[in-house]
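Notes for the one structure printed next.
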Amino acid sequence: MPTGTDAPKPVDSDILAELKRLQRLATLGLLTGSLAHEFNNLFTTILNSAELGLADEDPARKDRALERIRRAAERAARLSQTVLGLARGESDPEARESCVPAEVVEDVASLLHKELKAQDIHLELDLHRTPPVPLSAAELQHVLLNLMINACHAMPKGGVLTVRVAAFRKDKQIEVSVCDTGTGIPSRNLKKIFEPFFSTKRGSEEGGTGLGLAFCREIVVAAGGRIRVESRVGQGTRFTIRLPAVRRSRRRVA
């Protein structure tokens, strides 16, 4: 399938940087409702577990309450990093080296849960545990959010959104795919889909700047990967990302 590898039109670097920032903020704005809902659920879990743990004298039940608090707090911390990463365009330097795709997909799925339900879109996850990839969690989140939000726009009457993560041992690569059952993309547009300022969206509600997919491709290629698209009008679209696996070095004990 065509991958949109045509040379992009030159754009002033300062203008492009500002457009990237606005694109990130626009994506973050779409998630405001889901983020508030998710944080509310987590804080409710933390407060209820704390009250139960304080009121219960049984050590085992106290430990279970503390474990629920720990899991909820870790989830809240990951969501906070997602928000900061989208706002700044970067993640915590200590966590920037790599991320595990399946974990990032689960985080993004939680963020989009409210929107998917409202639009009658069924989400199917096929996630396999894989080695990490050379992207920060914030970078992969940005890519997945763009692809999954685009998929939602392509299914205005509902449908199925499938996200898969798998490893290929032979070539030591990780594959992440986002597939929808939406309206599809005409073949004449596939060559242009990753070009800056090209957009297939129409109308004031869904009209895009045509920068989302261009930035996604930039992130993936910079990490040594590639992204391609397959689509049939009336049947749906599949975006497939291939990234090299990262080997974590083992620490030697003196």
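The table below lists the values:
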quantity: Filtered residue count, region 194-224, keeping only those that are at pLDDT 75 or above and either under 15 Å from I149 (Cβ atoms) or part of a helix (DSSP H, G or I) (or both); calculated: 11
quantity: Whichever residue in region 122-136 is surrounded by fewer than 23 Cβ atoms within 10 Å (Cβ to Cβ) and hydrophobic (A, V, I, L, M, F, W, C) and, among such residues, is nearest to A36 (Cα to Cα); calculated: L123
quantity: Selected residue [assigned by TED's automatic domain parsing to the domain that holds I227 and in contact with a Cys (Cβ under 7 Å, 6 or more places away or on another chain)] from L125, L112, L145, L140; calculated: L140
quantity: Subset of region 78-129 [in a loop (DSSP other than H, G, I, E, B), under 18 Å from L243 (Cβ atoms) and modelled with pLDDT under 90]; calculated: S91, R96, E97, S98, R129
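The values are calculated or read from the model by the stated rules, or taken from the named source; none is laboratory data. What you see is a predicted model; the values in this text were computed from it and never measured. Reconstructed Cβ throughout: ideal geometry from the backbone, glycine too, with neighbour counts over all protein chains shown.
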